[in-house]
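Structure first, then comments.
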Amino acid sequence: MELLYSEEDEAWKAIIQKTFPLEQILLETTEFLGSVLDELASNTTHQEDLRRVHVHLLCRLLDDLRVIHLSASIGYQAQAMSLLASVYELIATMQDVGVSPEKARGWLEHKDDANTFTKSKAARKLWFEFLGVPDAKKAAEDEYKSTYRMLCMFKHYNPQIQQGLSLEPSDKGLTFSSGPQANNANIGLSCLAIAQACAFAIEGLACLVRLFSTHSVEVQTVMTLHRKFKGFEAELLDLGR
């Protein structure tokens, strides 16, 4: 059994070479999210309940994105992927309340500690319908199966995932290990985690701008960030090869 915590710096040096362009997009997006938070927190001209819900959620989103970034960057890929499952749920909640502002008061007064306020897949379907996505139900179902289910495999210690994460190749064969991972497969996972964080951050930003902004420059900024992110699509698809 190897404890590899002392190797975090080395893991970061190996991972940053692959993830740097994505990290820049994530940082740009979170900075813009921060400016939106400042505006929402101080601007009471918007619907008050709707504004308060999104300020609460945006505070959490920014913190979660930071932890995902840090975790993935120093080789803790499983932790980053696990938290991304929660971010999927958070984005769905932002969109759910955004599409149906009358739900905002219900979110603020929610007292049920056994059930979540938002059903994520249903909320995503409503958001896709709001955006005019063809066959929104299928789009939400496909995303749920391909993205959310995969993230939850990390979150819930699925044996198919965990057995691979706990083993590290060495000159002695396979060794149980705990700590940062920076072999090729895990560097690919770091890229995937940061890429998914980018996608969720841009979605959250697009939701907020659509709901609260009348400034065309902000819309253009979202579109620019989206184009930058899509520019890395080929590289992301190539990670597993």
Item to check | Scope the range 30-56; condition touching a residue at least 60 places away in the same chain (Cβ under 8 Å) and within 17 Å of the chain's Cα centre (by Cα); matching residues | outcome: THR30, PHE32, LEU33, HIS54
Checklist entry - Which is aromatic (Phe, Trp, Tyr), farther than 19 Å from VAL67 by Cβ, part of a loop (DSSP other than H, G, I, E, B) and touching a residue at least 12 places away in the same chain (Cβ under 8 Å), of PHE117, PHE128? => result PHE117
Item to check | Only listed residue being within 23 Å of SER190 (Cα to Cα) and at pLDDT below 95, chosen from SER71, SER86 | outcome: SER71
Checklist entry - Going by the conditions given, is TYR144 over 26 Å from TRP12 (Cα atoms), part of a helix (DSSP H, G or I) and in contact (Cβ under 8 Å) with a residue 40 or more places away in the chain? => result no
Checklist entry - Of the numbered conditions (1) at pLDDT below 90; (2) buried (at least 21 other Cβ atoms within 10 Å of the Cβ), HIS46 satisfies every one except a single condition; which is it? => result (2)
Checklist outcome for this item: The condition of being loosely packed, with under 15 Cβ neighbours inside 10 Å, within 28 Å of LEU37 (Cα to Cα) and among the aliphatic types (A, V, I, L, M) holds, among ALA114, ALA122, only for ALA122
Next on the checklist: Condition check: surrounded by fewer than 18 Cβ atoms within 10 Å (Cβ to Cβ) and basic (Lys, Arg). Does LYS103 satisfy that?
Outcome noted: no
Next on the checklist: If a residue counts only when it is of a type in the set (S, T, N, Q), which helices (runs of 4 or more DSSP H) contained entirely in the range 1-111 have at least 3 such residues?
Outcome noted: 8-42, 77-99
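The values are calculated or read from the model by the stated rules, or taken from the named source; none is laboratory data. Computed from a predicted model, the values in this text were never measured in an experiment. Counting neighbours? That spans all protein chains shown, and the Cβs are built from the backbone with ideal geometry, glycine included.
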